[in-house]
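Report on the following structure.
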Amino acid sequence: MNEWDRDNLDFIMNSDHEDFEAWLLQASDDDVEYALELIKKAKLEYMVKELELTDEVPNFNEAKVVIDKIRNMK
């Protein structure tokens, strides 16, 4: 998500009820669709971050073996 999209998402997520209602009244269908896409992208980003933080791999031995095999291929 680029900076423009992040700024727009910030508005959507942090505007008060009145500001959001005013935006919604003037927004086109495309604007609303874009806003929903931003929310979906942000949700996906947060889900990925959560998975990265909670991914507990107890043993890397098999991965190390595969990496070593790939490194030694010539």
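Throughout, read-outs are computed from the coordinates displayed, never taken from laboratory work. Nothing here was measured: the structure is a model prediction, and the numbers come from that model. Methodologically, a virtual Cβ is constructed for each residue, glycine included, from the backbone with ideal geometry; neighbour enumeration extends over all protein chains shown.
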Exercise for the section: Please build a GNM for the chain, connecting alpha carbons under 10 Å apart, and tell me which residue among 37, 62, 52 fluctuates the most. Expected result: 62
Problem - Two-site label geometry, residue 26 and residue 69: point separation in nm, points 7 Å out along Cα→Cβ - result: 6.1
Practice task
Determine ³J(HN,Hα), in whole Hz, for all residues of segment 36-49 in sequence, where each value follows from phi through the Karplus function 6.51 cos²θ - 1.76 cosθ + 1.60 and θ = phi - 60°; x replaces Gly and Pro.
Solution key: 5, 5, 4, 5, 4, 4, 5, 4, 4, 4, 5, 5, 5, 4
Exercise for the section: Please work out, to two decimal places, the log10 of the ratio I(q)/I(0) at q = 0.14, 0.26, 0.28 Å⁻¹ from a Debye calculation in which every Cα of the chain carries one identical scatterer. Expected result: -0.63, -1.17, -1.24
Exercise for the section: Could you name the aspartates and glutamates whose alpha carbon sits less than 17 Å from that of residue 64, not counting residues in the same chain fewer than 8 places away? Expected result: 56
Exercise for the section: Using θ = phi - 60° and the Karplus relation 6.51 cos²θ - 1.76 cosθ + 1.60, list the HN-Hα couplings for segment 11-23 in order, rounded to whole Hz, with x at every Gly or Pro. Expected result: 4, 4, 7, 10, 6, 6, 4, 5, 5, 5, 4, 4, 5
